[in-house]
Amino acid sequence: MNNLFTMKDLSTEKVHQILHTAESFAQGEKWTPAKQTFAVNLFFEPSTRTKTSFEVAERKLGIDVIPFETGSSSILKGETLEDTLKTLESIGVDLAVIRHKQDAYYESLAGKFQMKIVNGGDGCGQHPTQSLLDLLTIKQEFGKFEDLKVTIVGDLSHSRVARSNTEALAALGAEVFYSGPAEWFEGDAGNAQNYVDIDEAIEFSDVLMLLRIQHERHDTMMDLSAEQYHERYGLTPLREKRMKPGSIIMHPGPVNRGVEIADSLVESDKSRIFKQMENGVYARMAVLKHILDK
Amino acid sequence: MNNLFTMKDLSTEKVHQILHTAESFAQGEKWTPAKQTFAVNLFFEPSTRTKTSFEVAERKLGIDVIPFETGSSSILKGETLEDTLKTLESIGVDLAVIRHKQDAYYESLAGKFQMKIVNGGDGCGQHPTQSLLDLLTIKQEFGKFEDLKVTIVGDLSHSRVARSNTEALAALGAEVFYSGPAEWFEGDAGNAQNYVDIDEAIEFSDVLMLLRIQHERHDTMMDLSAEQYHERYGLTPLREKRMKPGSIIMHPGPVNRGVEIADSLVESDKSRIFKQMENGVYARMAVLKHILDK
Amino acid sequence: MNNLFTMKDLSTEKVHQILHTAESFAQGEKWTPAKQTFAVNLFFEPSTRTKTSFEVAERKLGIDVIPFETGSSSILKGETLEDTLKTLESIGVDLAVIRHKQDAYYESLAGKFQMKIVNGGDGCGQHPTQSLLDLLTIKQEFGKFEDLKVTIVGDLSHSRVARSNTEALAALGAEVFYSGPAEWFEGDAGNAQNYVDIDEAIEFSDVLMLLRIQHERHDTMMDLSAEQYHERYGLTPLREKRMKPGSIIMHPGPVNRGVEIADSLVESDKSRIFKQMENGVYARMAVLKHILDK
């Protein structure tokens, strides 16, 4: 395993191995690379949790992290991403974690570098380490994926989380449903067939995976106010009471409190939202170990 | 001691303990936390000296510092400070140092985190580690606080340094006076009673604590030019010659040379301005040790 | 050796020593300072390769690097560079690497600091560590400098690389020529006498040192399009075929592919462009060792 661009790069077998390694790290196992290792985290889009999570994961593995401010880099002088990476590789960087707004930016990079590359999120495309941390959280809870019903609620078409998770969950044997404004699913045949109303979803889902409403990417929430969206499609305290026993709530963050989910539910018993963030470090440590360990 | 928000959080006893620890660090003592410890420095306002001072203090203690660029964080996506901190805590961050422009931002955070929090300056409010480094500098010089006369010169109402110091110095037995444009003290009864003209202050003060004129926060210096302010309220070479024998000059920096103090006096015999910066590292190491050591 | 501002600071003897040390590092030698050492990289102009190269070099030497965001520093509050450096020195920083847009900014700093200072590039002036990495690359290739013919191609007047290299190469016994648009050399007698057309230069030069066309600093490339510049003055595949046997191509980066050099030649057999970047780390490690080692 040299790079991780999308969940499609990983066999089901490999996913299970990575989750197993992540669980070991969660239980306190230590591992460091055999030689001094340099990483850069190239985040061309703002991020708190993903970047910080990688920063902690890298340091827990004893990796030296080289700061790279994308806002003051040679990219401003018109350098291509590929030339920036070649430069970093020449300078001695062993690993690059990249978040970029362009969908599938990594396709043009494959096979060109000795340096390892991990996709930290591309445009509306993939976010494989988020997917792995979500899978880790589900596995910790249920011990399996087969026969679980997972409903993803929100704007699937603009969500890299949903995209990465849908493929992975299906491959692992879970059944995936979708909810949210029906308009967002129109014309998307693959998703439309598993579309369910939120009031149905809460009753049969083992996992309710809420997505962030991407104010940044939408001009409008279809003329709905935050309150109207919450009442019609969000997880309200009333809906939470009707959720299936033993089921859990997930959200990749950052949460719009009072929109996707009621403020009071963010840290409720069923919520695994902050557990997901904790698991993010272990999942990323596991990916890095599988990539760096020879 | 779990957090340090204001000097009011510290008993006189505790202040003495922290200063004692700081003096040990100044003399070369080493201490590191028992386990790998992660810190973030969340500076929502520009700062060179305070942020860099914490960065050095943390590394001297062997703490792993996670970079956090406030300008490219999820705060931009509307996340609250509290949710950002919860995220960082979940990711495994043990300590956050925060500078924020909102007065008393920390009040809403108290008791909500396992993570330790140190206030690195809030709005026009508190700046407790600056206060501790000032106290350390005074203690090194005079070996005591009782019966010392300290005059703070400048715009008290906009200075978090003055606020933190006034309380602490009084508690430790020093007598605190104020100087600067009288207009800045009008209507502020508590301060007005100890108001003295700069030409008086220099003759009886053991410590002359100059404040930075906050161009950023004032629209005007009451229609005074920098030269006029300096002549009327600043420390000129002539005034310096009349200062009490054995007295010292302090300034939290950055200095406006030729405004609060004459250019030639910044590194003069009486000046402890760069000594203060050196002491800042020891004072911060001491605070972090008292917070992290169990 | 306390600082490195320009190549003029270095005797020919010292240059040879530094290159020797750099070669040792390239072969895997280790060295760390005797005590914990703190560095800051103060880059007031954007840079990927130079800043990252120093960051890696410092960490390979076990130096603690303190982050310093020039965009959110006290410089914004009007603090002078000298006061910023005095502050950093007081806080305990041992070494500052500075890039600044002002020519010869370092002249006002000489002799004022205990802290060591390395010039990481000033305005259109000097860039000594770039020069040293270029020399290292040439020495690795030819084992000597005497009698080598080096042609620098591009806008000499705006290039700190050319300036630093011209002096150093001449002192070491190489013969330096210049090529590019003749207009850029008019009125510059010292350069004009060694001016050669690119079609001549390729036939006799051992080293073809291409400079970046500084779009940032020019309003125009004399009304030439990128294609026209490339055809008339750049290294085209046809010209590369006519280059002297055993000769090499160098470029400090970032490359404007298809302007100074054809896209297909950037990683060709004769190109040492990425080798230069690798050597940059070793050259900088060597400079830091010579400055820090007592």
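Any read-out appearing in this document is the output of simple, stated calculations on the displayed coordinates, not a laboratory observation. None of the values given here were measured: they were computed from a predicted structure. As a convention, Cβ positions derive from the backbone with ideal geometry for all residues, glycine included, and neighbour counts pool all protein chains shown.
Positive contributions from Lys and Arg (+1) and negative ones from Asp and Glu (-1), summed over other residues with Cβ under 12 Å from the Cβ of residue C:24, come out at 0. Let me know the shape class of the stretch A:104-258, please: from the alpha-carbon gyration tensor, a ≥ b ≥ c as square roots of the eigenvalues, rounded when a/c is under 1.5, otherwise prolate if a/b is greater than b/c, or oblate. In terms of gyration-tensor shape, oblate.
Report, in deg cm²/dmol and to the nearest 500, the calculated mean residue ellipticity at 222 nm for chain C, where each DSSP H run with n ≥ 4 adds -39500 (n - 2.57) and the sum is divided by the residue count.
On the way: 10 runs with 109 residues, N = 294.
For chain C, the value works out to -11000 deg cm²/dmol.
Using a 10 Å cut-off around each Cβ of peptide C:36-49, what is the average number of partner chain Cβ atoms that fall inside? Don't skip to the end; give the middle numbers.
Working: counts 4, 0, 5, 0, 3, 1, 0, 2, 1, 1, 8, 6, 15, 8.
Counting Cβ atoms of other protein chains within 10 Å of each residue's Cβ and averaging gives 4.
Under 5 Å between amide hydrogens, built in the peptide plane, is the criterion, and for residue C:65 it picks out C:39 among residues at least 5 positions away or on other chains. The magnitude of the dipole of the protein assembly as shown, with charges of +1 and -1 set on the Cβ of Lys/Arg and Asp/Glu and taken from the Cα centre, is near 2660 debye. Cβ-Cβ distance of residue C:45 and residue B:30, R₀ of 51 Å, FRET efficiency by 1/(1 + (r/R0)^6): the value works out to about 0.85. For the stretch C:137-176 and the stretch A:252-278, compute the distance between their C-alpha centroids and round to whole Å. Here the two parts' Cα centres lie 61 Å apart. Per residue of peptide C:111-119, the mean number of Cβ atoms on other chains within 10 Å of the residue Cβ is 0.
For residue B:271, the amide hydrogen comes within under 5 Å of the amide hydrogens of B:249, counting only partners 5 or more places away or on other chains and with H modelled in the peptide plane.
Could you tell me what % of all Cα pairs in chain A have separations over 28 Å?
Working: 16230 of 43071 pairs.
Everything past 28 Å amounts to 38 percent.
Peptide C:91-100 shows a mean partner chain C-beta count of 3 within 10 Å per residue C-beta.
Using the Kyte-Doolittle scale, which helices in chain A average at least -0.5 and also have C-alpha atoms spread 18 Å or more along the helix axis, with helices defined as whole DSSP H runs? Present the calculation step by step, with values, prior to reporting the outcome.
Values: long enough: A:12-26 (21 Å, -0.27); A:128-142 (21 Å, 0.05); A:273-292 (29 Å, 0.37).
Counting only whole DSSP H runs, the qualifying helices are A:12-26, A:128-142, A:273-292.
Near residue B:2, once Lys and Arg are set to +1 and Asp and Glu to -1 for all other residues with Cβ below 11 Å from its Cβ, the sum equals +1.
DSSP beta bridges fully contained in chain A are about 0 percent antiparallel.
For the residue pairs A:144/A:289; B:275/C:112; A:60/A:116; A:116/A:144; B:51/B:112, the alpha carbons lie more than 20 Å apart in A:144/A:289; A:116/A:144; B:51/B:112.
Given contacts defined as C-alpha pairs under 8 Å and at least six residues apart, what's the relative contact order of the stretch C:1-118, whole-number percent?
Working: 110 pairs, mean separation 40.8, N = 118.
Computed value for the stretch C:1-118: 35 percent relative contact order.
Overall, the ratio between the Cα radius of gyration of the protein assembly as shown and 2.2 N^0.38 Å, rounded to two decimals, is 1.05. Listed peptides A:196-202, B:127-133 appear in the order B:127-133, A:196-202 once ranked by packing, highest mean of other Cβ atoms within 10 Å at the front. Remark: the stretch A:128-274 carries a charge dipole of roughly 480 debye about the Cα centre, counting +1 on each Lys and Arg Cβ and -1 on each Asp and Glu Cβ. With the simple spin-label model, which puts each label point 7 Å out from Cα in the Cβ direction, the residue A:170 to residue B:110 separation comes to 5.4 nm.
Looking at the square roots a ≥ b ≥ c of the eigenvalues of the Cα gyration tensor of the stretch B:48-124, which shape do they give, rounded for a/c under 1.5, prolate if a/b is larger than b/c, or oblate? Write out the running numbers ahead of the final one.
Working: a/c = 1.39, a/b = 1.23, b/c = 1.14.
The shape class here is rounded.
The modelled label-to-label distance between residue B:269 and residue C:227, using points 7 Å beyond Cα along the C-beta direction, is 7.6 nm.
Around the amide H of residue C:152, modelled in the peptide plane, lie the amide H atoms of C:177, C:178, C:179, C:209, all under 5 Å away and 5 or more residues distant in sequence or on another chain.
Working from Cα pairs under 8 Å separated by at least six residues, relative contact order for chain C is 22 percent.
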